[in-house]
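To start, the structure itself, in structure tokens.
The values are calculated or read from the model by the stated rules, or taken from the named source; none is laboratory data. Please read all numbers here as calculations on a predicted model, not as lab measurements. Note that each Cβ is placed from the backbone with ideal geometry, even for glycine, and that neighbours are counted across all protein chains shown. Side chains included, ligands, DNA and RNA excluded: accessible areas come from the protein's heavy atoms. Shrake-Rupley method; radii C 1.70, N 1.55, O 1.52, S 1.80 Å.
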Amino acid sequence: MRDQKTGRPVLLDCDPGIDDALAIFMALASDELKVEAITTVAGNVPVEHTARNALQLVELAGFDVEVAAGASDPLYSKKKTAESVHGKNGIGDIILNPPKGALSCRTARELIYQKALEQAGDLEIIATGPLTNLASALMIYPDLRNLISHIWLMGGSAYSGNRTPAAEFNIYADPHAASIVFESGIPLTMCGLDVTNKALIFKEDIERLAGYDSDVAKKSAEMLTWYLGFYNSFGFKGLAMHDPFTVAAAIDPTLIETKHLFVDVETVGEFTRGQTVVDLLNVSGKKPNVQVALELDNTRFLSLFEKLMRFYG
Ligand code: BDR
Ligand code: CA
């Protein structure tokens with residue numbers, strides 16, 4: 001088993017998910033972060049898969065981190081999954097060793113709250129799936145909003161969607177939950193499609209990764225090859241590293257340029273459900289609630305990605 005890192009305490013709330021898998025490997029490898037726990041949610045695939053995947057990924061990485069399963073359905077809407085992007089099992093139908101350990105006996109929302117209490121206000125959340133776990137924890141434990149120091153979110157966009165023309169997948173999958181989180185008052189950095197669609201890697205990068213001397217890198221390359229197939233089917237040459245980029249921004253916030261803006265989440269629109277409505281010109285006059293990432297340094301992101309993947313060998 002590898003030693004835990006000693007960086008800033010973070011909890012990963014995710015739905016692995018091929019890019020979530022890479023995000024988990026990066027967060028575990030970073031000296032800047034200490035992964036206190038991982039909670040999973042229904043998103044790319046049902047929660048049974050996302051929880052099992054997270055446990056298998058942590059074991060493959062050689063770390064001992066508590067993994068808890070969370071919400072199996074959005075708060076008030078019907079479940080939306082993304083098997084066409086991530087495969088039936090959520091990780092490109094790549095088979096990992098069956099888990100040796102067990103999932104936590106705590107629920108995701110209990111674990112989020114208890115870790116937040118333990119860290120006495122210092123816990124940061126990196127959220128790379130629908131926000132159901134976090135929103136339901138905030139509803140049950142009203143003091144939680146004062147115990148989380150920052151949320152780094154992969155979700156939303158200022159300009160356009162990927163699940164619908166208006167909405168990004170993580171927000172579209174549970175817009176009511178996103179709305180609760182955006183209104184919580186917790187400092188929030190939104191790494192939406194405005195930046196993550198530009199955090200691209202290509203076939204050559206994946207081939208290089210496959211050559212690294214570790215199972216983590218080899219399995220990552222297999223998963224990314226599957227994911228690239230999806231992107232290629234739309235005529236894209238590269239694939240967007242949504243969740244890994246968000247972890248990178250949490251590790252090194254100088255990778256992004258943000259604007260502090262007011263953002264609302266559309267929960268009912270016929271064509272715009274799940275849209276993050278970003279008030280770029282402050283026409284509403286409302287107090288900004290989100291640091292919206294609008295620019296990125298992709299070259300430095302890629303070198304951080306390679307450095308962290310090299311950690312495994
Ligand atoms: C987000 O949706 C999921 O499919 C990915 O894992 C990422 O978190 C991108 O829109
Ligand atoms: Ca995800």
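At-a-glance table
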item	result
Single residue of Ser136, Ser84, Ser77 found to be within 16 Å of ligand 2 (Cβ to nearest atom) and farther than 24 Å from Met26 by Cα	Ser84
Filter result for the condition that a residue is among the hydroxyl-bearing types (Ser, Thr, Tyr) and touching a Phe, Trp or Tyr at 6+ places or on another chain (Cβ under 9 Å), over Thr254, Thr267, Thr258	Thr267
Members of segment 219-253 that are assigned to a helix (DSSP H, G or I) and loosely packed, with under 15 Cβ neighbours inside 10 Å	Gly229, Asn232
Residues of segment 119-164 classified as touching a residue at least 12 places away in the same chain (Cβ under 8 Å), surrounded by fewer than 19 Cβ atoms within 10 Å (Cβ to Cβ), out of contact with any strand residue (DSSP E or B) (no Cβ under 7 Å at 6 or more places or on another chain) and over 28 Å from Val85 (Cα atoms), total	6
Failed item, numbered, when His49 is tested on (1) within 18 Å of Ile126 (Cβ to Cβ); (2) touching a Gly at 6+ places or on another chain (Cβ under 9 Å); (3) open to solvent by 10 Å² or more (accessible area, probe 1.4 Å)	(1)
Enumeration of residues in segment 12-40 that are more than 14 Å from ligand 1 (Cβ to nearest atom), among the acidic types (Asp, Glu) and not in a loop (DSSP other than H, G, I, E, B)	Glu36
For Pro244: the one exception among (1) away from ligand 1 (no atom under 15 Å from the Cβ); (2) of a type outside the set (D, E, K, R); (3) closer than 18 Å to Gly17 by Cβ	(1)
Segment 92-118, residues that are open to solvent by 40 Å² or more (accessible area, probe 1.4 Å) and in contact with a strand residue (DSSP E or B) (Cβ under 7 Å, 6 or more places away or on another chain)	Leu103, Arg106, Thr107
Condition check for Ser179: open to solvent by 50 Å² or more (accessible area, probe 1.4 Å), away from ligand 2 (no atom under 13 Å from the Cβ) and touching a helix residue (DSSP H, G or I) at 6+ places or on another chain (Cβ under 9 Å)	no
Residue check, Asp13 within 18 Å of Lys307 (Cα to Cα), among the acidic types (Asp, Glu) and at pLDDT 95 or above	no
Residue list for segment 75-91, filter: modelled with pLDDT of 95 or more and open to solvent by less than 20 Å² (accessible area, probe 1.4 Å)	Gly90, Ile91
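Each row is one residue, and each column tells you yes or no for (1) crowded, with 24+ Cβ neighbours inside 10 Å; (2) in contact with a Leu (Cβ under 6 Å, 6 or more places away or on another chain); (3) among the acidic types (Asp, Glu); (4) closer than 21 Å to Val181 by Cβ.
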residue	(1), (2), (3), (4)
Val10	yes, yes, no, yes
Leu28	yes, no, no, no
Ala37	no, yes, no, yes
Asn53	yes, no, no, no
Gly62	no, no, no, no
